[in-house]
Amino acid sequence: MTRDPRYDILFEPMNIGPVTAKNRFYQVPHCNGGGYRDPSAAAEMRKIKAQGGWGVVFTEQCEMHHTSEITPFIELRLWDDADIPMLAKMASNIKDNGALAGIQLAYSGINGPNLYSREVPLAPTALPIRTFTNDPVHARAMDKQDIKDLRRWFVNAFKRSRTAGFDLVCLYGAHGFGIFQHFLSTATNQRSDEYGGSLENRSRFVREVVQDAREAIGDTMGITLRVSLDETIGDLGFSNAEVRDFVEMHGDLPDLWDLAHGAWEDCSGPSRFKEEAAQQELVEGIKKLTSKPIVGVGRFTSPDVMVKQIKSGTLDFIGCARPSIADPFLPKKVEEGRIEDIRECIGCNICITGDMTMSISRCTQNPTFMEEWRKGWHPEEMQPKGDSESVLIVGAGPAGMEAARALGLRGYQVALAEAGTEIGGRVRRECKLPGLSAWGRVKDYREYQLSQMANVDIYFDSELSADDIVEFGFENVAVATGSSWRRDGVARSHVVPMPIAEGVAIYTPEDLMDGNVPKGRVVLFDDDHYYMGGVLAELLVQGGALVTLVTPAAFVSEWTNNTLEQTAIHRRLAEMGVDIQLNRTVAEVTAGGVTTACTFTERTSDMVADAVVLVTSRTGNDGVWQDLKTREEDWQAAGIKSVKLIGDAASPGPIAWATYAGHRYARELDEPDIGDAMPFRREIAQLSA
């Protein structure tokens, strides 16, 4: 297949200072949970992006000096020459596969608590450290010598970046995380000297550092500047109007302007709250203020939207982080005329949770993300099948669909048996809830891929028993029968069923997704703490209910702090009139409502309710698997070599956990037994002499 001529403009070479990108696909800096702890995993992940056709591939934020670091978060480091080999491996991986290699240098200033280095944080103005975790530390205001020192540290970092082999350097001044934004914003710069006050003065530091960069590396590396489009804190902060004044005043300052919205939550908001190209209005017209190219972001997944961004004169480069994670080969698929094969980002932000939890990042759509080096998984390539020929997968939810797709690519004869009349499992139902329509892409992508495989057959209305499975005689059986929400309230607050009066109208998330949405006064008890409680509260209000959301946590949908949407969820529910009761548990469901209790004092309070919705925990639907285990003596005679329980049926979790489980099953089938060996590679710190 060949490229659609409509997309030719996306593949035009573009200059960034002294270097040239082969196309307009620009993987902007993004974190991955690996950083300095897992450098080879991060390097291989970036290599795969370059293989996938991205013209520019950047690192995540790289701490350029030990006096500003953001422990406990795990990012890259360039503190001294000892860090160069780790970064050089990444740069080489990117460049050897046809992309420009970029490094984002970050000095975190007011965001750097220095919990590891124990250095006194430095910032333009003395203020408390601003972090996700409200660290009880203050930054000292930089004096003139501190500023000179910081300029010198940047020069050292520029030279080390060049030694490591990078083509581009990005000065980080966006999302509230970078020292350049701290100087530019009146919220963090309250100085009265030549570095404070007027915009010209507040711009002085970035002008000086860019000039230093030109003198140190400017003839060999492109210099990019990442700034926030709007701090979204009113006149006090660096507003969109002032950003435009800044660009107009310094139009030719960097070799490329990298524009990203406000705080990280604004820039990388989930699809539940942010549409594709959500930053259009903020970036529109800025290109006219500079002769240098502009890159912007907006969770771009559609080539048509990308082309519109270019032809409208809004952007020169299409910046992507999350879409490049969901499909590292997005540019190649556009180039090869395979648009329908793109694994579109669903905007669930599960990738961000890796960074926020200091673990390895995941992707719901792409189970190979961050497993490229650890497990040798390539997003587009599977190893050939093993000794056996056939696999039966029971259940066509996210785990079953992904297992069938990956096994089909390996060359197995696959039968996918679904008890219902559609594939998709929980995804098919959840994507119909408020704000979650983009999540349907998990099903849509796999459904199309399976339809193209002659060796995969899908059977509907096929609720199989253990007897059926044994009778069929497939060599391998994967049970992916999903999970069900509990109706007894068992979760974290209640490890045994909670007291529930007889005859009370109890609802589970499945009831609501089936269309049984109660009205009147409804208490929703959320002891799950992810998205489901908040989404169902929206659904109930839309159906006319008066909703009280009770949660033992200190936040609504507490775990969504890790997906950058907790604030937006609380705001939306409050605006919809939901009565939010934090730090309280439902102690008992009574005939007339519920009794709640404070999680700290255990003091109780009664509440009238016509119905109670329990969003607590799930149990795996593993009955078929349990029955098969009792028939194990019959397996050999039936030709069954293996039976495996996977996905939510084995361990209920987020959808990303299910697609990963399905993919892992497909990768490991017929592979040699590794015994007690670790199933992934890791890097061990070398003891110092």
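Some points to look at:
- Spin-label model distance (nm) - residue 681 vs residue 204, 7 Å beyond Cα toward Cβ: 5.0 nm
- MRE, 222 nm, helices only [DSSP H, n ≥ 4, -39500 (n - 2.57), over the chain, to nearest 500]: -8000 deg cm²/dmol
- For the stretch 487-618, the Rg and Dmax computed from alpha carbons only, in angstrom: 13.3, 40
- Taking 163, 421, 616 and counting other C-beta atoms within 10 Å, the order from fewest to most: 421, 163, 616
- Neighbour-count ranking [beta-carbon atoms within 10 angstrom, fewest first] of 610, 341, 258: 610, 341, 258
- A run of the chain free of exposed loop cleavage sites, with chymotrypsin sites (Phe, Trp or Tyr not before Pro) counted only in DSSP states other than H, G, I, E and B and at most 14 other beta carbons within 10 Å, reaches its longest extent at 133-459.
- If you take the alpha carbon atoms of the chain and fit the smallest convex hull around them, that volume is 175 Å³ per residue.
- The stretch 521-603: GluC sites (Glu not before Pro) falling in loop per DSSP and having at most 15 other Cβ within 10 Å: 602
- Centroid-to-centroid separation of the stretch 148-224 and the stretch 480-497 [C-alpha atoms, Å]: 52 Å
- Counted over the chain, the DSSP beta bridges are approximately 20% antiparallel.
- Taking 17 Å as the cut-off, the amide N atoms of the stretch 182-196 that come nearer than this to a point 7 Å along the Cα-to-beta-carbon line of residue 567 belong to 182, 185-188.
- Footprinting exposure proxy ranking of 479, 556, fewest other C-beta atoms within 10 angstrom first, gives 556, 479.
- Expressed as a fraction of 2.2 N^0.38 Å, the value expected for a compact globular protein of N residues, the C-alpha radius of gyration of the stretch 5-356 is 0.92.
A short reminder: the numbers here are calculations on the coordinates, not readings from a lab. Not measured: the values here are computed from a predicted model. Glycine gets a Cβ as well: all are built from the backbone with ideal geometry, and neighbour counts include every protein chain shown.
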